[in-house]
Structure formats: structure tokens, C-alpha cells
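What follows is a set of notes on a single structure, which appears directly below.
The values are calculated or read from the model by the stated rules, or taken from the named source; none is laboratory data. The structure displayed is predicted, hence computed values, not measured ones. Positions of Cβ are generated from backbone atoms using ideal geometry, with glycine treated the same way; all protein chains shown enter the neighbour counts.
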Amino acid sequence: MICSATYHSENRIVNSGSMAMEPGKVRRGSWEITGCRKVRYLRFGLNMPGDPVYFSEYLPGGEPVQSVSLLLVKADDDPVIRLFGFRSYRYSDGELILSGADDHLEVTAYSDYDHVRLEPGEAVGADELLLLESADFNKLLQEWAELTAAESGRRFPVRIPTGWNDWQYYRNEKTEADILANCDALAKLRRQGLDCEFIQIDGGYCLHLSEWETAKPEFPHGIAAVSEYVRRAGFKFGIWFAPYIQNIRTKVFREHPEWFLRDGDGNIVRLGKSNVGESALMDYTVDGTLDWLRAKIRMLVDAWQVKWIKLDGPNISLYRRGVLNSRSTTVQQMMRQTLQVIAEEAGSGVLIEGEGSMTAAAGLADLHRVQTDNHPIWFLDGDPDRPYARQVYGKELIMSFLHRVWWCNHRENIILRDFPSPHSFLCEQGREEPVFTTDEQRVQLAAAMIAPGGLLLCDPMPEMLKRPELLHQADFLFPVSEGRTEILDPFPADGCPYPRFYRLKTGSDTFLAIFNWNDCLTVFDIPVNGRWFSLFSKTEVSSPIRLAPHSAELLKLVRKP
């Protein structure tokens, strides 16, 4: 495979004409790939935790492949892997398109300038294009992460945070009594040795789901009182905060409609459904909005003594439905400005967790969600053509290369219960939430172990106290491991979107995870020599290993005496 750059634009966009212009989505450059009939690629989605990341193959003449922020490509007969992306993401999240026909392929890079307006003679900066090459998949991703971190900065806590979050069980139906009861149960468990630093309240604690100062009636004593209760029990207090969307019944929407994103016709962009109900998007390029944001962060930190702010958003695709008030600012620039304000106001003693555009949060968030919400669901609606858990854990595993480079990775909590939540989103549809099978539970736990990051429990702890065997499933996850995960079989030859073999070296220990993403029993050879001990069966194992459908094995290398 031969790869050559055929066109590169300068690192700025200039209006050299005599009339104002909107550059919009700008073609920044392209690379020709010749001499191959088929390539395998790794598609990234760094604009939201739910945007898929997966391996696949591309045949010339097929539908173009769109990848967000970076793209990896490899030909079967070429050991060299090529990474196409950007050195920085100050102006745009970046887009790579893989396309072509016959034995001629092309990767084209774009930067989206949204509705920025340039007058004659004006210019706007542009993020530098980047092409990296290596035969070592893991080193290639690590090199890209380090290069981009050098541009954006890096920020992560000294200690990987642990704790409890209410979302996967209680969702928006949580009450003050629920939080206090879980606090009491967690305090008892911590006295028994549980590693639990934070108690975090997720969405659903305030009026209209986004009237931040006003707790809903089910929190009669207010959030400050709940925070005090949690802190007196010896925990740090964390809370969910979604400053980018506001329910249309909130005070800020009623009193400041001019603060909200509008479309090209001047109408407020409405979201009929969102996690705060019918809502609108704050346009943080309007005067007064950043002062409002600063005040809200000060309330969280000063009045509620919050030590972990779990952000929801920003969602870059939602903002691109409208036109920012400032015609000299891209959506990416606005997002980075708001995250800078949040980090400044919160101060160094407060963890900031991002959950939107990953490139916008680089260097500004201590933690970041790297996959979508965790649910005990293998297939959506039971449809084998709609895998869910595989996509969740597959992305979590692949994204492990960003951990301790950009931030501390954070998964969306772990579920240990073997009973359904009566508050699940499925209940709204008249259906009961499923529960993990033993094999599916092993997939979740193996992913949590082999891809280090923030670790929060999320089950009703008073019930779990009565079922200690459920909690003991996760004993080997604590203390949370450090180290870097290696993917041992990138670009799977059989077309599976996710590799099966992952290795983690932490201190003097080596762990190996094997995942059977298939819908049938599969036999695997252990790809690394040595004596291996199973953390699930508590016995030594050897090749070959037979794994049931949707299952995993987690092995620890037996040290030589």
C-alpha cells in the first residue's frame, strides 16, 4: 500500500475575496492510497460517548466511511498502519472520510467552521493535519494521544476516583430518602473495606430536571442538606449538572429567551425530547451567559460543597442545528470556552467529568466518559441485529489509550444486581428491564478490570447489603488498577468490530482478558505464553479455552517463584 499526500491547505482559512463568506465545512487535505484492493479501518466517534468506535473493512466502490477526529487504515498485505487526524482540535472536532474505487482510495480531512462569517481580508485559524505511521497499533494510538495532549494540555486526578452513583437504578425517580439510605449502606460497607470515595447524585434531583437551585419536592430538605449528610458520613459529594440544555419551564428560559440558540430564521431551536424534557440550548456566545454559568458553578462548589461535577454534554451535533450569536466563533471554540470557565470556577479541588465532545474537553476535564450508558441489555429490543452491550464495552476497551494521557477515563458505572430496576427506561414502555446472565456479567467485569478508569457502583446498596455475594463479584476490581491496556488482535480478520484479546500490565502483575462477542460457543487459544489463573473460576487454566456466547475470561499471569 502506498500513501501520499495530494493536497494540504494552510493552517488558516482566509477570505481573499471582496464579499463576506461563510467557510462552513472546509476540505483541509487528502491522502491517496494506492496499490490495494481492500483495507481494514478503525472508525472513531469522539463527538459523544454514544458515537460508535469499531473496526471494519472497506472495499473500493463501497459507501464512504465517516470517522470523527481520527481514522486508522491498514491493508492486509502491509504491516504499516496509518493514522489520519489532526494535531489539535481548537477550531473543529474534525472529520475524516474514506472513499474510493478500484485500487485507488482516498482519505479526505474536513474542518467544520459552522456559521463563522469572514469579512474580506479576515482569516481564522485551522488545526494542523497529521499523518502517523507505525507497524505497532498500540504505540501508534499512544503517539497520537501524546502529540494532541501536548497541544491541548492534560488533566487528571492523582488517584482514580471510586464511589456510587444512582442513575442505573433510580434514574429520575430518586428521592432524598433513597440517597440517604444508600449513604448509610455504603458507610457500613466502607467500614468492611469497600473502596468508596464519592457519593454522586445524577439527574432528577431538581425541579423541571434543570432548575438547578430548586430541589424537587422529593428532596424536602434541599441538596445542601443531602450534601452535608453525605460529607458527615465521610464521603465526598458529587452531582450531575447539564448547563447546555434547559427545560423550557425553567426561570432562565422564561426570563432570558435571548440566551438560547436560534436557527437561521431567528427561531429558538427546540429539543422535543432530551434528558431534561422539552428544552432549548444555551448559546454561550451571548453576553451574560458565561456569568450565569460561573454563578451556577459557584453555587455547586460553595453552597453544596460539590467535589465532583458530572457534566452532561455538550453535544456538538445538537448545536449545529442552529447558528451561534457570535459569527466569529465555532461550536468547538464555544464548548472549550465553557469548559475553561467551569474548570476555573470549580478550582483545583473539584473533579470535572466531561460527557460530550471529547476533543473539546481535552485538557479541561479530569475525567471523561468514553462510552454510552451501561444497561443490562445485550441486544436492543432483543434484536440480534442491534447489539448494545458489545458496542458499550467494545468502545470502552478501545478508548483505553486515552487514560492518563488526556484525562482519567470513566466508564458509565458497573451493575452487579441480578434483579431489574423498577425505574428503568423500559418500564416507561411497559416492559421489564432484563438482567445480566452470568456470562454477560463476566463481559462487563472483564472490561472494567482490563481498561482502567473511574469506577462507580450504581445498585441499591441497602438491597445489596442483604446479598453480599453480588458485591463480591467485583472484589478483584479494587483497588482500581493502573497501567495501559494493549489490544493484541487489532483489525480482526473475521470482520468482528471489536478485538477479543486485551492485556494490562500493572505493577508486577499482568492480566489478560478474552471476549467472545459471538452469538455461539467459541474456542480460543491463549495468545500469550505462561501459567494463567482465572479470576472467575479461581483455577489455573490453559489453552484452548471454550467460551459461551457473550462471555469473557479474565486471567492473571502466575508469577514465577
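For the condition closer than 19 Å to L141 by Cβ, in a loop (DSSP other than H, G, I, E, B) and small (G, A, S), what is the one hit in G50, G45, G62?
Values: G50 fails: closer than 19 Å to L141 by Cβ; G62 fails: closer than 19 Å to L141 by Cβ.
Only one candidate passes the filter, namely G45.
Could you say whether any residue in region 63-84 is of a type in the set (K, R) and under 24 Å from R336 (Cβ atoms)? Quick ask: steps written out before the conclusion?
Here is the first cut: in region 63-84, the residues of a type in the set (K, R) are 74, 82.
In the following step, the residues that additionally are under 24 Å from R336 (Cβ atoms) were identified as none.
No.
Only one residue in L470, L445, L426 is under 21 Å from the mean Cα position of the chain (by Cα) and among the aliphatic types (A, V, I, L, M), so which one is that?
Going through L470, L445, L426 in turn, just one is under 21 Å from the mean Cα position of the chain (by Cα) and among the aliphatic types (A, V, I, L, M): L445.
So which residues in region 364-390 are touching a helix residue (DSSP H, G or I) at 6+ places or on another chain (Cβ under 9 Å), of a type outside the set (S, T, Y) and in a loop (DSSP other than H, G, I, E, B)?
L364, A365, D366, V370, Q371, D373, N374, H375, P376, I377, W378, R386, listed by residue number.
Considering region 153-184 alone, what residues qualify as being within 15 Å of E463 (Cα to Cα) and in a loop (DSSP other than H, G, I, E, B)?
D166
Looking only at region 130-164, how many residues end up being of a type in the set (D, E) and in contact with a Ser or Thr (Cβ under 9 Å, 6 or more places away or on another chain)? Steps first, please.
We begin by selecting, within region 130-164, every residue of a type in the set (D, E); these are 133, 136, 143, 146, 151.
Right, trim to in contact with a Ser or Thr (Cβ under 9 Å, 6 or more places away or on another chain) and you get 143, 151.
Within region 130-164, residues that are of a type in the set (D, E) and in contact with a Ser or Thr (Cβ under 9 Å, 6 or more places away or on another chain) number 2.
Going through D263, D312 one at a time, which residue ends up being touching a residue at least 60 places away in the same chain (Cβ under 8 Å), of a type in the set (D, E), surrounded by fewer than 18 Cβ atoms within 10 Å (Cβ to Cβ) and outside the structural domain of D112 (by TED's automatic domain parsing)? First the steps, then the outcome.
Working: D312 fails: surrounded by fewer than 18 Cβ atoms within 10 Å (Cβ to Cβ).
Residue meeting the stated conditions: D263.
For region 40-67, give me each residue that is among the hydrophobic types (A, V, I, L, M, F, W, C) and either surrounded by fewer than 22 Cβ atoms within 10 Å (Cβ to Cβ) or touching a His at 6+ places or on another chain (Cβ under 7 Å) (or both).
Let us first name the residues in region 40-67 that are among the hydrophobic types (A, V, I, L, M, F, W, C), namely 42, 44, 46, 48, 53, 55, 59, 65.
Selection gives M48, L59, V65.
Look through P384, P452 and report the one residue that is at pLDDT below 95, under 21 Å from R500 (Cβ atoms) and touching a Ser or Thr at 6+ places or on another chain (Cβ under 6 Å). Spell out how you get there, then give the answer.
Numbers: P384 fails: touching a Ser or Thr at 6+ places or on another chain (Cβ under 6 Å).
None of the other options fit; the residue is P452.
Residue-wise test of (1) of a type in the set (A, V, I, L, M, F, W, C); (2) within 18 Å of D178 (Cα to Cα); (3) buried (at least 23 other Cβ atoms within 10 Å of the Cβ); (4) in contact with a Gly (Cβ under 6 Å, 6 or more places away or on another chain).
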| site | (1), (2), (3), (4) |
| --- | --- |
| M399 | yes, no, yes, no |
| G430 | no, no, no, no |
| T437 | no, no, no, no |
| M464 | yes, yes, no, no |
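Of these, A145, A187, A149, which one is among the small types (G, A, S), under 30 Å from A225 (Cβ atoms) and either in contact (Cβ under 8 Å) with a residue 12 or more places away in the chain or not in a helix (DSSP H, G or I) (or both)? Let's see the steps before the verdict.
Numbers: A145 fails: under 30 Å from A225 (Cβ atoms); A149 fails: under 30 Å from A225 (Cβ atoms).
Within the list A145, A187, A149, the selection yields A187.
Could you list, in sequence order, all residues of region 409-445 that are within 25 Å of H368 (Cα to Cα) and of a type in the set (G, A, S)?
If the condition is that a residue be within 25 Å of H368 (Cα to Cα) and of a type in the set (G, A, S), then S424 is the only one that fits.
Given the structure, is T338 buried (at least 21 other Cβ atoms within 10 Å of the Cβ) and under 20 Å from the mean Cα position of the chain (by Cα)?
Numbers: buried (at least 21 other Cβ atoms within 10 Å of the Cβ): yes; under 20 Å from the mean Cα position of the chain (by Cα): yes.
So T338 passes the test.
Go through the residues of region 92-103 one by one and say whether even a single one is assigned to a loop (DSSP other than H, G, I, E, B) and of a type in the set (S, T, Y). Reasoning before the result, please.
Within region 92-103, the subset assigned to a loop (DSSP other than H, G, I, E, B) is 92-94, 102-103.
Now narrow it down to the ones that are of a type in the set (S, T, Y): 92.
Scanning region 92-103, I find at least one residue that is assigned to a loop (DSSP other than H, G, I, E, B) and of a type in the set (S, T, Y), so the answer is yes.
Just wondering, is there one or more residues in region 370-380 that are under 18 Å from the mean Cα position of the chain (by Cα), buried (at least 23 other Cβ atoms within 10 Å of the Cβ) and either closer than 18 Å to R159 by Cα or not basic (K, R) (or both)?
yes
Just checking, how many residues over region 220-240 are surrounded by fewer than 22 Cβ atoms within 10 Å (Cβ to Cβ) and either closer than 22 Å to L457 by Cβ or among the acidic types (D, E) (or both)?
Within region 220-240, the first condition is being surrounded by fewer than 22 Cβ atoms within 10 Å (Cβ to Cβ), and the residues that meet it are 220-222, 224-225, 228-229, 231-234, 236.
Those left that are additionally either closer than 22 Å to L457 by Cβ or among the acidic types (D, E) (or both): 228-229, 231-234, 236.
So the answer is 7.
For the structure I just gave you, tell me whether V124 is modelled with pLDDT under 95, part of a strand (DSSP E or B) and of a type in the set (V, I, T).
On the way: modelled with pLDDT under 95: yes; part of a strand (DSSP E or B): yes; of a type in the set (V, I, T): yes.
Yes, satisfied.
Any idea which of F253, F198 is without any contact (Cβ under 8 Å) to a residue 60 or more places away in the chain and among the aromatic types (F, W, Y)? Steps first, answer last, please.
Working: F198 fails: without any contact (Cβ under 8 Å) to a residue 60 or more places away in the chain.
Sole residue among the options that is without any contact (Cβ under 8 Å) to a residue 60 or more places away in the chain and among the aromatic types (F, W, Y): F253.
Which numbered condition in (1) β-branched (V, I, T); (2) within 23 Å of the chain's Cα centre (by Cα); (3) over 21 Å from G356 (Cα atoms); (4) surrounded by 15 or more Cβ atoms within 10 Å (Cβ to Cβ) is the only one that T108 fails?
(2)
Would you list the strands (runs of 3 or more DSSP E) that sit entirely within region 197-245 and hold 1 or more residues that are touching a Pro at 6+ places or on another chain (Cβ under 7 Å)? Please lay out each step first, then the result.
Details: elements: 198-201, 211-215, 236-241.
The qualifying strands (runs of 3 or more DSSP E) are 198-201.
Within region 538-561, which residues are more than 31 Å from the chain's Cα centre (by Cα) and part of a loop (DSSP other than H, G, I, E, B)? Steps first, please.
Kept after step one, since they are more than 31 Å from the chain's Cα centre (by Cα), are these residues of region 538-561: 538-546, 558-561.
K538, T539, S542, S543, P544, V558, R559, K560, P561, listed by residue number.
Note down all Cβ pairs under 6 Å where the first residue falls in region 506-533 and is farther than 18 Å from P387 by Cα, the second is of a type in the set (D, E) and modelled with pLDDT of 95 or more, and they're at least six residues apart or on different chains.
Within 6 Å, the pairs are I514/E553; F533/E540.
Can we say R417 is under 30 Å from D519 (Cβ atoms), surrounded by fewer than 24 Cβ atoms within 10 Å (Cβ to Cβ), charged (D, E, K, R) and at pLDDT 95 or above? Walk me through how you get there before you give the answer.
On the way: under 30 Å from D519 (Cβ atoms): yes; surrounded by fewer than 24 Cβ atoms within 10 Å (Cβ to Cβ): yes; charged (D, E, K, R): yes; at pLDDT 95 or above: yes.
Yes, satisfied.
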